[in-house]
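Below is one structure, written out as structure tokens; comments come after it.
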Amino acid sequence: MERDNEKHKQRQQTLKQAVDGKIEQAQIDKGVLLVLTGNGKGKSTAGFGTVLRAVGHGFNCQVAQFIKGQWECGERNILENLGVPFYIMKTGFTWNTQDRDGDTAAAQAVWQQIKLALADPTVDMVLLDEITYMVSYHYLDIDEVVAAIQNRPKNQHVVITGRACHRRLTDLADTVSEIQPIKHAFEAGVKAQKGLDW
Ligand code: ATP
Ligand code: MG
């Protein structure tokens, strides 16, 4: 028992030294590009959670929602009341879209707005929710998206969410998390639930 305790203490000490060393090494202050991708649930909620965290520190944040624009969204109800501007797709892109020109125009309209935020040094954080699909469908030009993110103000954070993120964006990112589905209620016939899914 006593020996176990001693071993545990030693292990924890070694771990603490390693972590402390890494903390000491991390000295760079900069705007971070965070990509939340993968097929599991939780990308957009994590993106909005990050915006909420930043707003809690008084940061100036802006959100672009590139999908399901006109759907109700709990986070938008809260964040707009806190003064966070949202740019949403008026026609609302859906999976079964039949109107490529209409979707492209809607995506471009949101992009033109949020591009201003990506060039504005008074904006501390930009969330590009579901932008990965706009790139996959070629509604937005990958070169233009990469350039806008690359040339953004040095201290501005950008959060990207969506499945199948373009390699150029994950290459550019500082932090990339892939959420893997282990199981999802939908597969067992549970419909999307208010407050949990939107
Ligand atoms: P959330 O908005 O809940 O964080 P997400 O952004 O990770 O989810 P999306 O791919 O944007 O996931 O999907 C949006 C909707 O699809 C949500 O209602 C979510 O619950 C649902 N969903 C997410 N992952 C899965 C999955 N693996 N199977 C079925 N439905 C899913
Ligand atoms: Mg999402």
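The values are calculated or read from the model by the stated rules, or taken from the named source; none is laboratory data. Worth saying up front: this structure is predicted, and the values here are computed from it rather than measured. Every residue, glycine among them, receives a Cβ derived from its backbone with ideal geometry; neighbour counts consider all protein chains shown.
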When the range 10-37 is checked residue by residue, the ones that are exposed (fewer than 10 other Cβ atoms within 10 Å of the Cβ) and among the basic types (K, R) are K22
Among (1) hydrophobic (A, V, I, L, M, F, W, C); (2) in contact with a His (Cβ under 9 Å, 6 or more places away or on another chain); (3) within 16 Å of ligand 1 (Cβ to nearest atom), which single condition is I160 missing?
(2)
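Filter the range 38-52 down to residues that are more than 6 Å from ligand 1 (Cβ to nearest atom) and touching a residue at least 40 places away in the same chain (Cβ under 8 Å) and give me whichever is surrounded by the fewest Cβ atoms within 10 Å (Cβ to Cβ).
Initial filter on the range 38-52 (more than 6 Å from ligand 1 (Cβ to nearest atom)): 38, 46-52.
Pick out the ones that are also touching a residue at least 40 places away in the same chain (Cβ under 8 Å) and you get 38, 46-48, 50-51.
Details: G38: 19, A46: 14, G47: 23, F48: 23, T50: 18, V51: 23.
Taking the candidates together, the pick is A46.
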Among the numbered criteria (1) closer than 23 Å to R53 by Cα; (2) within 14 Å of ligand 1 (Cβ to nearest atom); (3) acidic (D, E), which single criterion is violated by D174?
(2)
Based on what the data block shows, is G49 modelled with pLDDT of 95 or more, within 26 Å of G31 (Cα to Cα) and not in a loop (DSSP other than H, G, I, E, B)?
yes
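For the structure I just gave you, tell me whether E24 is of a type in the set (D, E, K, R) and over 17 Å from the mean Cα position of the chain (by Cα). Can you show your working first?
Working: of a type in the set (D, E, K, R): yes; over 17 Å from the mean Cα position of the chain (by Cα): yes.
Yes, satisfied.
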Selection from the range 173-198 of residues that are in a helix (DSSP H, G or I) and within 14 Å of ligand 2 (Cβ to nearest atom):
F186
Taking the range 25-46 as the region of interest, how many residues are more than 14 Å from ligand 2 (Cβ to nearest atom) and part of a helix (DSSP H, G or I)?
1
In the range 57-88, the residues that are more than 16 Å from ligand 2 (Cβ to nearest atom) and in a helix (DSSP H, G or I)
N77, I78, E80, N81
Could you give me the residue pairs with C-beta distances under 6 Å whose first residue belongs to the range 152-168 and is in contact (Cβ under 8 Å) with a residue 12 or more places away in the chain, whose second residue is basic (K, R) and within 11 Å of ligand 2 (Cβ to nearest atom) wherever it lies, and which are 6+ apart or on separate chains?
T161/K43
I'm trying to understand the selection: among the residues of the range 53-70, which are exposed (fewer than 13 other Cβ atoms within 10 Å of the Cβ) and either more than 15 Å from L34 (Cβ to Cβ) or at pLDDT below 95 (or both)?
G56, H57, G58, Q70
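Here's the yes/no breakdown for (1) within 27 Å of P153 (Cβ to Cβ); (2) assigned to a loop (DSSP other than H, G, I, E, B); (3) within 16 Å of ligand 2 (Cβ to nearest atom):
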{"site": "R11", "(1), (2), (3)": "no, no, no"}
{"site": "L15", "(1), (2), (3)": "no, no, no"}
{"site": "Q98", "(1), (2), (3)": "no, yes, no"}
{"site": "A107", "(1), (2), (3)": "yes, no, yes"}
Number of the exception - V55 against (1) under 19 Å from I149 (Cβ atoms); (2) in contact with a Cys (Cβ under 8 Å, 6 or more places away or on another chain); (3) away from ligand 1 (no atom under 16 Å from the Cβ); (4) of a type in the set (V, I, T)
(1)
